[in-house]
Amino acid sequence: MAIISEKDQKKLKDVFKSLSNDVKMLMFTQEFECEHCKMTKGLLDEVAALSEKITLEAHDFVKEADLFIITWINIRKLVFRRRSRWNDGRYCQNSY
């Protein structure tokens with residue numbers, strides 16, 4: 001059973017047509033997935049199926065701990081940089 005409704009799939013396909021670059025989604029889970037991990041993987045599989053520009057890579061964070069840590073650090077750096085830009089007023093008048 002699909003998680004994303006047909007109506008929403010059509011909307012997302014239209015949005016994804018404007019993607020100029022490929023998108024790689026990384027999911028970190030473990031061999032013995034919990035119920036939420038399975039649902040998340042199903043949702044991400046559906047999203048990836050909506051565009052040839054979107055791919056999903058599922059990784060085991062226990063077996064691939066190095067990749068998980070490097071990815072986590074890089075994401076934190078991006079979030080910090082973006083937050084800094086938002087806070088200095090370049091992107092909005094009301095800084096947080």
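The values are calculated or read from the model by the stated rules, or taken from the named source; none is laboratory data. None of the values given here were measured: they were computed from a predicted structure. Cβ placement follows ideal geometry from the backbone for every residue including glycine, while neighbour counts extend to all protein chains displayed.
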Residue within region 65-83 that is surrounded by 11 or more Cβ atoms within 10 Å (Cβ to Cβ) and at pLDDT 95 or above present: no
Per-region count, region 10-40, residues surrounded by fewer than 12 Cβ atoms within 10 Å (Cβ to Cβ), modelled with pLDDT of 95 or more and among the aromatic types (Phe, Trp, Tyr): 0
Set Glu52, Glu46: member being surrounded by 10 or more Cβ atoms within 10 Å (Cβ to Cβ), at pLDDT 85 or above and assigned to a loop (DSSP other than H, G, I, E, B): Glu52
Filtered residues of region 55-64 (kept if surrounded by 15 or more Cβ atoms within 10 Å (Cβ to Cβ) and either among the hydrophobic types (A, V, I, L, M, F, W, C) or assigned to a loop (DSSP other than H, G, I, E, B) (or both)): Leu56, Ala58, Phe61
Unmet requirement for Lys7, which otherwise passes all of (1) surrounded by 15 or more Cβ atoms within 10 Å (Cβ to Cβ); (2) free of Cβ contacts under 8 Å to residues at least 40 places away in the same chain: (1)
Looking only at region 42-74, and only at residues there that are under 15 Å from the mean Cα position of the chain (by Cα) and without any contact (Cβ under 8 Å) to a residue 12 or more places away in the chain, the one that is nearest to Phe16 (Cα to Cα): Ala49
